[in-house]
1. Measuring from a point 7 Å past the Cα of ARG199 along Cα-to-C-beta, which residues in the stretch 120-163 have an amide N at less than 19 Å?
2. Please compute the net charge surrounding VAL136, taking Lys and Arg as +1 and Asp and Glu as -1 over other residues with Cβ under 13 Å from its Cβ.
3. Would you mind checking the pairs LYS47/LYS96; LYS134/LYS215; LYS67/LYS134; LYS24/LYS67; LYS214/LYS276; LYS47/LYS210 and listing those with alpha carbons more than 22 angstrom apart?
4. Can you tell which of TYR92, SER57, TYR191 lies farthest toward the positive end of the dipole of the chain, using +1 and -1 charges on the Cβ of basic and acidic side chains (Lys, Arg; Asp, Glu)?
5. Please grab the % of Cα pairs in the stretch 227-268 that end up more than 17 Å from each other.
6. Across 5 Å bins from 0, what is the distribution of all Cα-Cα pair distances for the stretch 5-280, in whole percents?
7. Using alpha carbons only, how many degrees (0 to 90, rounded to 10) separate the axis of helix 265-275 from the longest principal axis of the chain?
8. What is the distance in Å between the Cα centroid of the stretch 232-292 and that of the stretch 56-129?
Amino acid sequence: MTTSQTAITLNGLDLSVYGLTEYKKLDPGTPAAVMFAIHGRLQDRTKMEAISQVLCSLNGNKGGTLKPRHLIVVTFDHENHGSRLKDKTLNYSWKKDSKRHNPNHAMDQWRMMQAAAQTVTGLMDVLESHLFDKPVVDIWGVLGFSMGAHSSYLVAANDPRISVHISLVGTGDFIGLLHARLANGGFPSEYLPDDFCDRVLATYDGLADKLATKKVLMINGGEDTMVPFDRNDGLVNAFLASHDGSRGRDWDRIVVPGLGHAWCPEMFYLCSAWCKQWMLDSDPDFSLVLPPSCFSP
């Protein structure tokens, strides 16, 4: 069954809210969980509809038992994307001998990533009062794909209200990713100024510690050349040493062999399992079961 999609405008921003109509039919005061789903570069919020529908399908009366809370998914367009597009050339990356080359890619993308993280925080300040008659949200989460995943690390680390974080083909090492792209592509060092790198790196200070209490799921493609999975190795090693929980239960990094920079069925399965556990119906004996096609390096 397809979940409802409600269009609202809040903070001057067009939102798609999944699962709200179904929530309104529940008993007043039923607890809610809200997941923000952030799309990738060169896309728009409609690209997050499939995952929004899959996650909202977790709601309802299944097996004769009502879930203890109801999951709502919220999507919006990045700055300069979708309904907010002003200049598409600002969304382009470094491309040799191409009309789609943007020498300011590093700075332009960083601004969009920061803006998305700030948007989620700003929406959390007012969304509950706008959607509901009284406070009902007791779990907030953020999920992102590609550039949206890069953004998700920023808001999950810096907003204490976020407790569930899912990154799809993203990284918490944006500057490391850019340095690798610069070197591999043979682009001028001027594209990545030292002072810019220093400012961005300062934003990531203590990232692993800030995420140590969060339920973090990272899914990357084994053949992804745009955001290689090893760009998260540093965070994985830090989590092994300092995360408050255990791998496979409270956090994990999953690699899908053969997958490039794209969606795959395994993502939908893993995201559903993670959200069911940490946003809807916690099982004390939970352990993330990987599809046969995946591994956890």
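We did not get these values from a lab; they are worked out from the coordinates using the rules stated. Since the model is a prediction, treat every value here as computed from it, not as a measurement. Heads up, the Cβs are rebuilt from the backbone with ideal geometry, glycines too, and the neighbour counts pull from every protein chain shown.
1. Answer for this model: 151, 154-155.
2. Working: positive: LYS24, ARG69, LYS134; negative: ASP27, GLU128, ASP133, ASP138.
My count for the surroundings of VAL136 gives -1.
3. From the list (LYS47/LYS96; LYS134/LYS215; LYS67/LYS134; LYS24/LYS67; LYS214/LYS276; LYS47/LYS210), the Cα-Cα distance tops 22 Å for LYS47/LYS96; LYS134/LYS215; LYS47/LYS210.
4. SER57
5. Value for the stretch 227-268 (Cα pairs over 17 Å): 41 percent.
6. It works out to 1, 6, 13, 17, 19, 17, 13, 8, 4, 2, 1, 0, 0, in whole percents.
7. The helix 265-275 is inclined about 60 degrees to the chain.
8. Answer, in whole Å: 21.
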